[in-house]
Amino acid sequence: MVVMPTGGGKSICYQLPALLLPGITLVISPLIALMKDQVDGLRANGINAAFINSSQNEQQQQEIYQSIINKNIKLLYLAPESLSFLDAILSKIEISLIAIDEAHCISAWGHDFRPAYTQLGYLRKRFPDTSIIALTATADKATRQDICDQLNIPNAKLFLASFDRKNLSLEVRPGNKRIEQIFNFLDNKPNDSGIIYCLSRKTTEMLAEKLQAKGFLAEAYHAGITHEKRAEVQEGFINDTVQIVCATIAFGMGIDKSNVRWVIHYNLPKNIEGYYQEIGRAGRDGLPSSTLLFHSYADVVQLQKFATMSGNQEVQMAKLDRMKQYADSLSCRRKILLSYFGELIEQDCGNCDVCKNPPSFIDGTIIAQKALSTVVRIKEEEPVGTVIDILRGAQNTLVLDKGYQNIKTYGIAKDISWRDWQQYIIQLINQGYLEIAFHQNNKLKLTALSKKVLFQDEKISLAHLAEFEKMKENAAAQVRKSESNTLFDKLRELRLDLAKEAGIPPYQIFNDTTLKEMEKVRPISDEEFMQISGVGKLKMQNYGYQFIKAIINFSAEKTKKKKKSTKSKGNSYRETLDLYKQGLSIEEIAQERNLAQSTIFSHIMKLFNEGEKIDLKQFVSKEDIHSVKKAREILGHPEALRPYFEHFEQAMDYNTIKLALAVLDED
């Protein structure tokens, strides 16, 4: 198992042995372009090599088959799909070595899973005496083990090269006015070769046109253009007649062009593996080269949509989260990349935007010790969220059922909010003190650096969170200025407000996929809202009214009927107030008006807050008021609702808690 960064020398690991071994070497490779480039390079050096793939006609393939039988070929490149067609020929020859290139494609944990690769596990049984070498430029610990297991070489020796490409500068920027920023970036690089990676084919073509208009030799490259055109662009780039390629991720694999001086990601990549592989195509000659990554919330939404359509959705979503954390980070970016692949460095790199403009830091040693100690005590068996719940003394079912309330660090850090703890732990992951085991349900694991903090008094600096929040707010403001104010934006703002009020992470209210479906369907009744994926009975009760209201208001604004909507809304409150004055309960009002109880509850609270004479005590029992009063004293008068919700182990809903607190405040 060989893991080497792009340009690190993977090819020679099987090309040189192929010349020395007596039989033929098979190279399993996923891309036609990669095969052609490799074979052309070998033939230029006088080495007998060939490839078989769908770009050839039957006569060409027959000639190659005859050369194989005649032992005139030392290296044969082929796609995994071609193996079954060659079985009869392969049984007639001596195969000395099988090389699986881009081996991460076999793993569901990997960033570029390809089902066709999963058949390769039979090679070990089919050729038991043949050496097998698996090679990839990007594979985390989980992916490496999965590759070996699926290839039936579980005890393969691992060769892990350093991923540290010191000559690459790393920079991340918010994705507003990207084209303008790209032109500014290229001002002092008028003749340098570079690649711009984009999520969509349309974007590659748009960018290429704009660059051409500015005088750059730019071309688009994606799967939608003809094979001949793709080959032409690739040849032009290799030969420096094409200066800039605007491409989807397929471009660049296996292309041995050493003088790519810069790589730009127009959109956020879907994971760190892919990002690292793509920036690794710059500066392969060792000279200083630049990388620039743009990101926006719209990118995240698009990538989440892609992830939901994948065969391993949970893993892809978790890896997307890590990619987003990298983009948002206030830690040395090189540290994050290297620790992701299991390479731990203690010094900051000095060649990324964070190192060049460092944030203010706090002494985070005690915070880190509390987190790491908790991970030790739960035997590295839980993900981030559960670790935070233990640190904050949560009384939810998961914590109590597993007995985590009995460990020494339970509730040791109630003074730090859930969101702040999340950011601190992300920083510890980014700095290499913790790692996420994606193949084990995202459990947090200790690293070699963890012991230094726990047992050797090593000090840790963590970025000041106030500065982190300010940076995120500024970035969000820039994105809002540059993007249209959509219903999705409105729903996200509402979700954030509700999350802050309840003291919980926004995704625990509704995830982005649910909000996108709301944007698309635009439910305006309780029945329609309940049909949205991710909306259950409890969430309908707690949040249904607010989100339906936001959807109605947005639609009203867009159709210029705001005045009519406001009047209707006022009438709605008035109807609720009239029924209340008749002595009806919330449940009875809801039945009378054919609305959800959560909607009526929101009406009642709004009327109460606007000074209407509402006796809230008739909607909440004395026992519940007494319980909330006692909880408030025990919890130290928290402002958020979540501590109460956890205290009652979710037995009392948010609406009842709100009512009881309002009654207590009134008294």
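The values are calculated or read from the model by the stated rules, or taken from the named source; none is laboratory data. Here the structure is a predicted model, which means the values were calculated and not measured. A quick note on method: Cβ atoms are made from the backbone with ideal geometry, for glycine too, and the neighbour counts reach across all protein chains shown. Protein only, heavy atoms only, side chains kept; ligands, DNA and RNA dropped before computing areas. Shrake-Rupley method; radii C 1.70, N 1.55, O 1.52, S 1.80 Å.
Data overview
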{"quantity": "Sorted peptide list for 283-291, 500-508, criterion being average Cβ within 10 angstrom, highest first", "calculated": "283-291, 500-508"}
{"quantity": "Residues with amide H under 5 Å from that of ILE153, placed H, sequence gap 5 or more", "calculated": "none"}
{"quantity": "Average Cα contact separation per residue, the chain, under 8 Å, 6 or more apart, as relative contact order %", "calculated": "10"}
{"quantity": "Rough spin-label spacing in nm, given labels placed 7 Å along Cα→Cβ, for ALA88 and LEU344", "calculated": "5.6"}
{"quantity": "Peptides ranked, highest mean first, by Cβ atoms within 10 Å: ranges 18-27, 426-435, 366-375", "calculated": "426-435, 366-375, 18-27"}
{"quantity": "Helix-only [θ]222 nm of the chain, DSSP H runs n ≥ 4, -39500 (n - 2.57) each, per residue, nearest 500", "calculated": "-14500 deg cm²/dmol"}
{"quantity": "Packing-based ranking, highest mean first, of 267-280, 606-619 given that Cβ atoms within 10 Å are counted", "calculated": "267-280, 606-619"}
{"quantity": "Accessible area in square angstrom per residue, the chain, 1.4 angstrom probe", "calculated": "47"}
{"quantity": "Taking N as its residue count, the alpha carbon Rg of the stretch 11-117 over 2.2 N^0.38 Å", "calculated": "1.04"}
{"quantity": "Given charges at Cβ of Lys, Arg, Asp, Glu: the chain dipole, positive-most of ALA651, SER258, PRO288", "calculated": "PRO288"}
{"quantity": "Residue among CYS148, LEU186, ASN167 farthest towards the positive dipole end of the stretch 120-195, charges placed on Cβ", "calculated": "CYS148"}
{"quantity": "Alpha-carbon Rg/Rh ratio, for the stretch 122-238, with Rh computed the Kirkwood way", "calculated": "1.11"}
{"quantity": "Options MET317, SER602, SER331, ranked by Cα towards positive dipole end of the chain, top entry (Cβ charges)", "calculated": "SER602"}
{"quantity": "The stretch 56-133, dipole about Cα centre (Lys/Arg Cβ +1, Asp/Glu Cβ -1), debye to the nearest 20", "calculated": "260"}
{"quantity": "Proximal aspartates and glutamates to LYS606, defined as alpha-carbon separation beneath 14 angstrom and excluding residues fewer than eight positions away on the same chain", "calculated": "GLU575, ASP615"}
{"quantity": "Environment charge at LYS459 (Cβ cut-off 14 Å; Lys +1, Arg +1, Asp -1, Glu -1)", "calculated": "-3"}
{"quantity": "Correct choice for Cα extents along the principal axes in Å that was computed from the model, options (1) 98, 60, 51; (2) 83, 65, 50; (3) 89, 70, 49", "calculated": "(1)"}
{"quantity": "Size of electric dipole in the chain: Cβ of Lys, Arg +1 and of Asp, Glu -1, about Cα centre, debye, nearest 20", "calculated": "620"}
{"quantity": "Portion, in percent, of the accessible area of the stretch 77-186 that falls on carbon or sulfur, probe 1.4 Å", "calculated": "53"}
{"quantity": "Heavy-atom SASA rank of GLU219, GLU633 (probe 1.4 Å, accessible area, largest first)", "calculated": "GLU633, GLU219"}
{"quantity": "Within the stretch 111-163: Cβ-based charge dipole about Cα centre, in debye rounded to nearest 20 (Lys, Arg +1; Asp, Glu -1)", "calculated": "140"}
{"quantity": "Two-site label geometry, THR365 and LEU635: point separation in nm, points 7 Å out along Cα→Cβ", "calculated": "3.5"}
